[in-house]
Amino acid sequence: MDWSLPPNLSTQGVHIDALFWIILVLTGIAFLLVESGIAWFVFKYRNREGGKAHYTHGSTRMEIIWTTIPALVLATLGIYSGSVWESIKSAHSFPEDALRLRVTAKQFEWNVTYPGADGALDTSDDFTLRNQLHLPAHEPVIVELRSEDVIHSFFIPVLRVKQDAVPGMTIPIWFEATGTGDFEIACAELCGLGHYRMRASVTIHEAADFESWQASQTTGS
Ligand SMILES: [Cu+2]
């Protein structure tokens with residue numbers, strides 16, 4: 001079994017993975033300190049014949065230290081993750097000249113609408129494929145996420161993308177793939193009895209191959 005993260009193929013993934021590892025290491029250290037402290041105290045102050053309890057008011061100095069250090073660590077993490085969030089999710093982080101796709105989730109499939117040769121959605125050369133997401137690498141992509149029925153979650157681990165699709169809303173997300181290959185979308189929100197089979201293939205092409213793939217879809221050749 002492989003416990004490590006899936007390979008990262010997203011320009012945003014470096015920061016997300018860094019946050020993940022920093023938090024894992026920090027909480028890991030805190031976990032070990034606290035648990036070994038508990039184990040040591042359980043052993044040291046175990047019941048012994050003739051043992052006598054004594055009252056202590058604690059240590060103000062220790063309390064200030066173990067309040068200040070976690071507060072500083074949490075504030076630093078908050079600022080760091082806030083800036084990462086800003087660079088991925090905020091309106092002004094979205095690239096201007098991105099390829100725009102629309103993904104509409106429904107029980108239990110992903111319908112992907114491509115803009116066709118004119119590069120614009122909602123025009124006559126749009127085409128929609130069921131459970132097949134094709135993307136160019138090394139190019140920003142914006143996906144407009146929608147849902148026809150219930151809440152689904154659009155999850156592509158290698159692109160470090162996970163976003164709920166909510167009925168009545170169009171939620172844009174963006175990413176840029178750094179490599180090519182075949183992967184999978186999984187629905188990450190329990191959305192009904194067929195949730196387990198709500199998956200789609202993701203094919204990341206080199207940009208030129210994506211263009212010719214898209215052309216072959218519209219001309220029917
Ligand atoms: Cu779903």
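The values are calculated or read from the model by the stated rules, or taken from the named source; none is laboratory data. Note that the structure is predicted; figures quoted are calculated from it, not measured. Cβ atoms come from the backbone with ideal geometry, glycine included; neighbour counts cover every protein chain shown. Calculation scope for accessible area: heavy atoms of the full protein, side chains included, ligands and nucleic acids excluded. Shrake-Rupley method; radii C 1.70, N 1.55, O 1.52, S 1.80 Å.
Some points to look at:
- Given charges at Cβ of Lys, Arg, Asp, Glu: the stretch 99-220 dipole, positive-most of PRO167, THR203, SER124: PRO167
- Packing-based ranking, highest mean first, of 146-153, 39-46 given that Cβ atoms within 10 Å are counted: 146-153, 39-46
- Charged-residue dipole, Cβ positions (Lys, Arg, Asp, Glu), the chain about Cα centre, Debye nearest 20: 1580
- What a 1.4 Å probe finds exposed on the stretch 110-199 is 51% carbon and sulfur by accessible area, rounded to a whole percent.
- Using θ = phi - 60° in the Karplus curve 6.51 cos²θ - 1.76 cosθ + 1.60, the 3J(HN,Hα) couplings for the stretch 69-80 round to 4, x, 5, 5, 4, 5, 5, 4, 4, x, 5, 4 Hz; x is entered for Gly and Pro.
- The lysine pair count for the chain, using Cα distances under 25 Å and pairs eight or more places apart or on different chains, is 4.
- The listed peptides 63-70, 15-22, ordered by packing as a protection proxy, come out as 15-22, 63-70 (highest mean of other Cβ atoms within 10 Å first).
- Rolling a 1.4 Å probe over the protein heavy atoms gives the stretch 52-158 an accessible area of 59 Å² per residue.
- Value at 222 nm in deg cm²/dmol, rounded to 500, when DSSP H runs of n ≥ 4 in the chain each add -39,500 (n - 2.57): -12000 deg cm²/dmol
- Where only alpha carbons of the stretch 59-156 are counted, the Rg and the Dmax (Å): 21.3, 73
- For the stretch 194-204, backbone phi angles converted through the Karplus equation (6.51, -1.76, 1.60; θ = phi - 60°) give residue-by-residue couplings of x, 3, 5, 9, 8, 9, 9, 8, 10, 10, 9 Hz, Gly and Pro being listed as x.
- For the chain, the longest principal axis of the alpha carbon atoms and the long axis of helix 13-44 meet at an angle near 20°.
- Over the stretch 70-221: Kirkwood hydrodynamic radius from C-alpha pairwise inverse distances, Å: 16.4
- The DSSP beta bridges internal to the chain are antiparallel in roughly 70% of cases.
- Only Cα pairs under 8 Å and 6+ residues apart enter the sum, and on that basis the relative contact order of the chain stands at 21 percent.
- Across the stretch 1-84, Cα-Cα pairs farther apart than 20 Å form 59% of the total.
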